[in-house]
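Here's the structure we're looking at; comments come further down.
Any read-out appearing in this document is the output of simple, stated calculations on the displayed coordinates, not a laboratory observation. Since the model is a prediction, treat every value here as computed from it, not as a measurement. Don't worry about glycine lacking a Cβ; one is built from the backbone with ideal geometry, like all the others, and counts go over all protein chains shown.
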Amino acid sequence: MSRSRSLIEAVRRHSESKPNAVAYGSISPTGDIDISLTYRELVERSGAIASRLSKVCRPGDRAILLFHGGPDFVVAFLGCLMAGVIAVPGYPVRESGATARVSRNFDRLVSIIDDAQPVVALTHQRVVERRAELAEVSPAFSGLAWLAVEPIAAAQTPPEFAGAPADIAFLQYTSGSTANPKGVMVSHANLCSLFEDMNTSCGHDDASVMVTWIPVYHDMGLIYGTLLPLYFGFPVYSLLPAAVLQQPVRWLQAISRFRGTHSAAPNFAFELCVERVTQAAKAALDLSSWKVCINGAETVRPRTLERFAQAFAQCGVKHDVIRAGYGLAECTLKVTSVAAGEPAQSIWLDAAAYEQGRVVAVREMTGTTSARTFQSCGWTHIGADIRIVDPSTRVACDEDSTGEIWVSSTSVAQGYWNQPEATMATMQARLANGEGPFLRTGDIGFVIDRALFVAGRVKDLIIIRGRNLHPQDVESTAEAAHPSVRLGRCGAFAVDTDDGEGLVLVAEVERTERHGFDADAAFRALREAIAREHEVQLHDAVFVRTGTFPLTSSGKVQRQTVRREYRAGALDIVARAAAASDADRVAAERFQEHLSTVRGWLTDFVADRLRIPATQVSSGHSFASLGLDSLDLFELTGTLEERLSRVLPATVVLDYPDIDRLSRYLAEHTS
């Protein structure tokens with residue numbers, strides 16, 4: 001496949017060599033193509049947007065992109081690159097109407113705008129029409145120029161901007177699983193390096209077809225799912241993430257219908273397919289065209305690969321379609337992956353040695369063997385320098401030891417936007433002997449036979465009686481121990497106790513199990529499995545209500561948030577294993593009392609405005625759907641501030657748009 005010096009050079013070349021070939025197709029929930037763009041249309045529309053941008057921006061200015069995805073996002077992103085404007089993919093703002101409210105990621109979007117300081121917002125006309133409303137909700141929106149992409153005519157001549165490989169192409173804001181989002185500065189050279197890396201490992205060719213659904217504000221959905229196919233010149237078909245999460249079969253149906261060869265998804269998506277795709281639906285699927293699917297963005301579990309391969313073998317899925325990978329935004333997307341055609345390696349390690357930071361392979365499993373299984377994430381395909389380093393001493397570890405993963409690569413981004421100290425500490429780190437610079441990933445891992453194995457986050461490491469426990473291992477054990485533990489909605493962490501560090505597990509109740517939930521049986525299974533597999537006793541375990549477990553925008557477990565809410569007594573607990581201490585019991589009782597009071601205020605306010613009995617107010621329906629208008633919501637905020645004697649965030653009734661969510665937020669953040 002031909003190479004280019006930049007993404008824009010590549011799409012322009014494709015528009016000249018195959019102008020009428022499909023570049024991008026948007027798939028509706030019914031499985032049909034909503035909108036498609038040829039390479040000629042792609043370049044024409046992107047160029048028109050670049051022309052408009054050049055009238056309000058200078059090269060190096062930032063533009064925030066507010067889209068769910070789709071062809072309008074693609075032409076807006078490419079238009080920024082053509083104009084030399086730094087693209088900033090943001091979270092979409094919901095449409096106005098009966099269910100009007102900003103997205104659940106609104107606070108994160110405001111923090112991105114405050115940090116990136118964009119000059120202009122690119123979005124749909126319907127969102128532009130809400131600019132005054134958004135400016136009232138947050139001053140971050142008030143200083144923006146607004147451009148709707150739909151009415152921009154394609155006849156406008158794009159600017160002749162000649163960018164350099166080292167120029168920043170876009171800011172990729174991290175998902176915030178362990179900290180607030182930071183803007184990673186990705187250059188044109190970083191992108192091209194990443195494209196070559198992914199192409200070498202995934203085996204794309206002119207007959208490739210990408211099917212994607214991961215959000216475009218996530219690096220995997222943007223870079224691999226969308227930009228890479230445009231660079232190499234093969235079609236990409238995209239579904240809305242919500243459509244796939246509602247019915248995972250839609251993803252597989254799109255691969256079957258459009259003869260998809262490549263795709264990507266986090267681990268939980270494969271589990272969803274195994275659980276929710278019916279036998280009748282499988283009978284209509286032909287997945288024999290599928291060559292490679294990257295499994296990344298969260299911990300890769302060997303059990304998931306096995307279950308998926310077995311469940312969909314009858315549909316033509318090859319046993320080695322799912323390829324594990326490891327990466328992060330600071331390395332543009334990818335550090336390592338298992339290449340197409342290579343075996344997906346998994347190993348067993350002696351558990352006792354592993355908990356001491358040593359890598360000792362188990363050759364034979366016996367009834368008395370205590371071991372941990374790990375899935376290989378492959379190796380670099382562009383000659384990256386990958387080291388395993390002691391995070392405290394900054395000395396390279398021995399070959400048989402675990403440590404922090406450090407990386408030096410042409411895909412490592414330039415740094416964090418406006419954060420030189422964080423850039424120096426994380427992305428320009430040096431070993432104790434001065435060797436470097438390296439990217440410190442913050443992840444723990446080890447290397448065997450030029451294969452990287454990832455164990456977890458440095459900050460999440462659990463140390464109990466001198467033993468190192470990785471929360472992912474404990475969580476995996478819990479998920480396998482009882483069907484009431486929802487996959488991907490489980491967090492393990494340590495808390496201080498009178499006897500030292502104690503292990504706590506918080507899990508969300510699986511939706512299909514919530515009505516017949518047997519808490520005692522679940523807790524027994526969890527205690528037995530964790531004691532057997534990890535030789536440690538649970539200090540406490542709690543189940544929380546379905547839909548309340550804290551996750552990042554990309555679906556990763558927020559362990560620090562879970563731990564904080566556990567300690568504050570702010571979790572929506574369905575069942576608890578340990579008897580709470582007197583102090584915990586008092587704190588929980590006070591919280592529940594405050595929660596009940598706030599809920600009563602909100603219910604009475606809504607009932608009064610709607611002139612209906614309080615018993616008829618639904619706490620789970622949005623304020624807008626109940627019939628409250630924007631004036632009512634502003635007055636509600638004022639009433640709450642008076643009763644609570646404190647100033648509330650201006651967006652509080654938009655971020656928590658119903659009685660259930662708003663009452664819980666207020667109970668957690670006020671006394």
**Report entry** Amide proton proximity set for CYS397, modelled H, under 5 Å, gap of 5+
**Finding:** ILE388, VAL389, ASP390
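Which whole-number percent gives the relative contact order of the range 7-336, counting Cα pairs below 8 Å spaced six or more residues apart?
16 percent
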**Report entry** J(HN,Hα) series, the range 470-476, from Karplus relation 6.51 cos²θ - 1.76 cosθ + 1.60, nearest Hz, glycine and proline x
**Finding:** 8, x, 4, 5, 5, 5, 5
Query - Relative compactness, the range 462-578, computed as alpha-carbon Rg over 2.2 N^0.38 Å - result: 0.97
**Report entry** Convex hull of Cα atoms in the range 20-81, direction-averaged projection (nm²)
**Finding:** 4.5 nm²
Query - Computed FRET value (nearest 0.05) for GLN310 with GLU133, which takes r as the C-beta separation and R₀ as 51 Å - result: 0.50
Requested in this report: Quick one: net charge around LEU122, please, counting Lys, Arg +1 and Asp, Glu -1 for every other residue with C-beta under 14 Å from its C-beta.
Outcome: +3
Report task. Kindly work out what percent of the DSSP beta bridges joining two residues of the chain are antiparallel, to the nearest 5. Result -> 60 percent
Requested in this report: At 0.36 nm per residue, minus the direct Cα-Cα distance, what do SER142 and ILE33 gain on full extension? Give it in nm, one decimal, please.
Outcome: 35.6 nm
Query raised in the report: Under 17 Å from a point 7 Å along the Cα-to-Cβ line of GLN117: which residues of the range 409-448 have their amide N that close?
Result: 416-421
**Report entry** Pairwise FRET efficiency - ILE448 versus GLN428, Cβ, R0 = 41 Å, nearest 0.05
**Finding:** 0.90
Query raised in the report: So who's got an amide H within less than 5 Å of the one on SER346, skipping anything under 5 residues away but keeping other chains? H placed 1.01 Å off N, in plane.
Result: SER376
**Report entry** Mean shadow area of the range 314-428 over all directions, Cα convex hull, nm²
**Finding:** 10.5 nm²
Query raised in the report: Taking every eigenvalue of the Cα gyration tensor of the chain, multiplying by 5 and rooting it, what semi-axes result, largest first, whole Å?
Result: 37, 35, 25
Report task. First obtain the Kirkwood hydrodynamic radius of the range 108-245 from its Cα pairs, then insert it into the Stokes-Einstein equation at 20 °C and 1.002 mPa s, and state the resulting D in µm² per second as a whole number. Result -> 122 µm²/s
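Between GLN592 and SER625, how high is the FRET efficiency from 1/(1 + (r/R0)^6) when r is the Cβ-Cβ distance and R₀ = 30 Å? Nearest 0.05.
Efficiency, rounded to the nearest 0.05: 0.65.
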Query raised in the report: Remind me, what semi-axes does the range 531-577 give for its equivalent ellipsoid, largest first in whole Å, using sqrt of 5 times each Cα gyration tensor eigenvalue?
Result: 21, 15, 11
Report task. Sequence neighbours fewer than 8 away in the same chain don't count; with that in mind, list the lysines whose C-alpha is under 25 Å from LYS318. Result -> LYS282, LYS291, LYS334
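When only C-alpha pairs under 8 Å and at least 6 residues apart count, what is the relative contact order of the chain, in percent?
Computed value for the chain: 10 percent relative contact order.
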Query raised in the report: How big is the shadow of the Cα convex hull of the range 584-669, averaged over all directions, in nm²?
Result: 5.6 nm²
Requested in this report: Could you work out the per residue convex hull volume over the alpha carbons of the range 7-336, in cubic angstrom?
Outcome: 130 Å³
Query raised in the report: LYS55: which lysines have alpha carbons under 30 Å from its alpha carbon, excluding same-chain residues fewer than 8 sequence positions away?
Result: LYS182
